[in-house]
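Data first, discussion second: the structure below is written as structure tokens.
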Amino acid sequence: MCEEGRENIAAFIKEGSDFLRGKMKKIKPLMPSEREKKRYLVLECISEQKFDFPELQSALTQAVRDYIGLLGEAGAGIFFLKNSFEMQNQRFIIKVRNNYVDELLGSLALLDNINGNRVIMRSIFCSGTLHKAKEKLINS
């Protein structure tokens with residue numbers, strides 16, 4: 001690095017900038033109408049064998065990838081809520097963008113086995129709020 005460049009950097013640090021002083025303008029929050037809308041799906045895995053969460057997650061991710069592709073999967077913004085998984089009932093919650101709910105359900109319909117065991121993925125409830133989805137997860 002040349003001497004002139006070092007002097008410029010030293011002057012910049014000495015004088016300080018708005019970034020270094022923490023005086024940068026804050027980014028405005030998005031309006032509710034501009035935010036991505038999401039849906040919470042309560043799903044159940046019906047099978048003779050119980051699966052743990054990573055097995056279900058990888059199988060569902062692969063099913064979605066096979067049905068709508070990698071780009072569609074990225075657009076759907078699928079997020080598995082790990083803390084909602086019930087091992088006993090094999091139920092869990094998935095968050096997905098509202099315009100990809102049908103594609104997700106279609107890919108679940110095509111999923112017929114996990115690790116060689118026959119399964120049926122059943123959609124129990126679809127909600128716009130996590131609170132209602134958790135209520136259906138517990139009550140149904």
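The values are calculated or read from the model by the stated rules, or taken from the named source; none is laboratory data. Quick caveat, the model's predicted, so the values are computed rather than measured. Heads up, the Cβs are rebuilt from the backbone with ideal geometry, glycines too, and the neighbour counts pull from every protein chain shown.
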| remark: Picked from region 109-138 (must be surrounded by 14 or more Cβ atoms within 10 Å (Cβ to Cβ) and in contact with a helix residue (DSSP H, G or I) (Cβ under 7 Å, 6 or more places away or on another chain)), the residue nearest to LYS50 (Cα to Cα) is ILE114
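Can you tell me which of LEU71, LEU60, LEU20, LEU30 is loosely packed, with under 10 Cβ neighbours inside 10 Å and either modelled with pLDDT under 85 or in contact with a helix residue (DSSP H, G or I) (Cβ under 9 Å, 6 or more places away or on another chain) (or both)? Walk me through how you get there before you give the answer.
Working: LEU71 fails: either modelled with pLDDT under 85 or in contact with a helix residue (DSSP H, G or I) (Cβ under 9 Å, 6 or more places away or on another chain) (or both); LEU60 fails: loosely packed, with under 10 Cβ neighbours inside 10 Å; LEU20 fails: loosely packed, with under 10 Cβ neighbours inside 10 Å.
Every option except LEU30 fails the conditions.
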| note | The residue from ASP52, ASP66 that alone is in contact with a Ser or Thr (Cβ under 8 Å, 6 or more places away or on another chain) and either surrounded by fewer than 16 Cβ atoms within 10 Å (Cβ to Cβ) or of a type in the set (Lys, Arg) (or both) is ASP66
| Every residue from region 95-140 that is farther than 23 Å from TYR67 by Cβ and small (Gly, Ala, Ser) | GLY128, SER140
| query | Which members of region 86-99 meet the condition of being in contact with an Asp or Glu (Cβ under 9 Å, 6 or more places away or on another chain) and farther than 11 Å from PHE51 by Cα? | reply | PHE92, VAL96, ARG97, ASN98
| task | Considering (1) modelled with pLDDT of 90 or more; (2) not in a loop (DSSP other than H, G, I, E, B), say which one ASN8 fails and leave the rest. | result | (1)
